Amino acid sequence: MINMLKKGFQKQSIMSTSRSIDEAMVLFNGRSCLKQYMSLKPTKRGYKIWVHSVARTGYMFDFEIYTDKDQDGSGIGLGGRVVKNL
């Protein structure tokens, strides 16, 4: 389902040279091991998603659900890994 969403977003997007990578929260109040708490966000509890979007319009054309800090041994850290993957 996630791959179908990504393909649909990418099919409808207009690519731009100005892009942005940021995090977003999707509200979720149930029990889940993936649920995060971020006190500074308007939506405090839910799923954390890394979003690759067009900076000018905010249209999301790729995303990655945050699962864990997952150390891969490359030494680039979480932020570098996210940017590389997106």
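The numbers here are math on the coordinates, done by the rules we state, and not lab data. The model shown is predicted, which means the values in this text are computed figures rather than measured ones. Don't worry about glycine lacking a Cβ; one is built from the backbone with ideal geometry, like all the others, and counts go over all protein chains shown.
The table for this structure:
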quantity: Helical contribution to [θ] at 222 nm, DSSP H n ≥ 4, -39,500 (n - 2.57), averaged over the chain, rounded to 500; calculated: -7000 deg cm²/dmol
quantity: Other-chain or far-sequence residues with amide H under 5 Å of F63's (modelled H); calculated: H52
quantity: Proxy reagent accessibility, fewest Cβ within 10 Å first, across R19, R56, R81; calculated: R56, R19, R81
quantity: Value of relative contact order over segment 1-67, rounded to a whole percent, pairs C-alpha under 8 Å and six or more apart; calculated: 34
quantity: Per residue Cα convex hull volume in Å³ - calculated over the chain; calculated: 125
quantity: Added length on full extension, which subtracts the Cα-Cα distance from 0.36 nm per residue, Q12 to I76; calculated: 19.9 nm
quantity: Crossing angle, helix 2-12 versus the chain [Cα axis fit, 0-90 degrees, rounded to tens]; calculated: 30
quantity: Rounded to the nearest 20 debye, dipole of segment 2-68 from Cβ charges on Lys, Arg, Asp, Glu; calculated: 200
quantity: When each of K6/K35; K11/K84; K44/K84; K7/K44; K11/K44 is checked by Cα-Cα distance, pairs over 25 Å; calculated: K44/K84; K7/K44; K11/K44
